[in-house]
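Here is the structure we will look at.
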Amino acid sequence: MLIYDRRKLLELQETQEEIQALKTSLEEEQKALSEAQDEYEREEASVNAQLEAKRSEVADFDVLLQAAAEAAEAEASQNSNGQAETNGTSGGSAAAGADSGATSGETAGGTTSGETAGGTTSDGTANGGASGGTSSGSAGGGSGSGTTSGNTAAAQAIVNAAYSQLGVNYVYGGTSPGIGLDCSGLVQYAHRMAGITLPRTSGAQGASGVAVSSPQPGDIVCYVGHVGIYIGNGQMIHAPQTGDVVKIASVYGNPWYRRCW
């Protein structure tokens, strides 16, 4: 009986030792997992910080790109206005020369034929100069007036395509209609449906086409790092952010507008 009890006691001790060993092993594994979790969180924070820094860099590039586009547009407008003034001056000089020629003809010959010929030349030259000045003036002021007109059928196709994606999930970098889109993916798709090719990123899209101050449905609503499709009445269709969907929203803040149709 004593031998039996001693054997049972030894078995109990062995069992307790095994349990203690398992407990120690589990505690070590739990500690390792906790340390791994801490390391993961540190790496996640680092990656998020790097991602935010890259987004800031992209935003800075968008601002620089927009500024460059506006400067180029202003320079083009200035050059067009200068050309218009040159054309107008040339036209006026030609008209003055023709008037002088007509006067000389009348003085020297005094004939009805000479007067008619001189008058015709003067009228023709003056009209040509005025026409050249008007044409150049229109070209110079077109982009800055904010009244640039385009293909309204294409504009409607852009708006219709944007409406067709309402409710589609926002996906960062998404370019798949009906599946997942980001803001520039939506704008690119809507224009593609109207037969218009746009660059991929919001910054490049914000410098495409022509600037307009009075937006019409189909124009691009542009922010630093974000774009949408204007649909009228102060509203736009856009893909806002992760966790959201393509939806209608009021235009907010101080965007600029670009027209590509």
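The values are calculated or read from the model by the stated rules, or taken from the named source; none is laboratory data. Given the structure is predicted, the values throughout are model-derived calculations rather than measurements. Counting neighbours? That spans all protein chains shown, and the Cβs are built from the backbone with ideal geometry, glycine included. The area values use the complete protein model at the heavy-atom level, side chains included, leaving out ligands, DNA and RNA. Shrake-Rupley method; radii C 1.70, N 1.55, O 1.52, S 1.80 Å.
Look at Gln37 and say whether it is modelled with pLDDT of 70 or more, in a helix (DSSP H, G or I), over 25 Å from Thr201 (Cα atoms) and open to solvent by 80 Å² or more (accessible area, probe 1.4 Å). The answer is yes for Gln37.
In region 174-261, counting only strands (runs of 3 or more DSSP E) that sit wholly within it, the ones holding 3 or more residues that are closer than 14 Å to Ala161 by Cα span 226-232, 235-238.
Conditions tested, residue by residue: (1) in contact with a Leu (Cβ under 9 Å, 6 or more places away or on another chain); (2) at pLDDT below 95; (3) among the hydroxyl-bearing types (Ser, Thr, Tyr).
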residue: Ala130; (1), (2), (3): no, yes, no
residue: Gly140; (1), (2), (3): no, yes, no
residue: Gly144; (1), (2), (3): no, yes, no
residue: Gly150; (1), (2), (3): no, yes, no
residue: Ala155; (1), (2), (3): no, no, no
residue: Gln165; (1), (2), (3): yes, no, no
residue: Pro177; (1), (2), (3): yes, no, no
residue: Ser184; (1), (2), (3): yes, no, yes
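Quick grid of which residues meet (1) open to solvent by 100 Å² or more (accessible area, probe 1.4 Å); (2) modelled with pLDDT of 75 or more:
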| site | (1), (2) |
| --- | --- |
| Thr15 | no, yes |
| Ala21 | no, yes |
| Leu26 | yes, yes |
| Glu41 | no, yes |
| Asn48 | no, no |
| Leu51 | no, no |
| Lys54 | yes, no |
| Glu57 | no, no |
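If we scan region 230-246, do we find a residue that is crowded, with 21+ Cβ neighbours inside 10 Å and of a type in the set (S, T, N, Q)? So far as region 230-246 goes, no, none of its residues is crowded, with 21+ Cβ neighbours inside 10 Å and of a type in the set (S, T, N, Q).
Here is the figure for region 210-228: residues that are crowded, with 24+ Cβ neighbours inside 10 Å and under 17 Å from Ala154 (Cα atoms) total 5. Residue pairs whose Cβ atoms lie under 9 Å apart, sitting 6 or more positions apart in sequence or on different chains, and linking a residue in region 154-167 that is within 8 Å of Pro217 (Cα to Cα) to a partner that is among the hydroxyl-bearing types (Ser, Thr, Tyr), are Val159/Tyr230.
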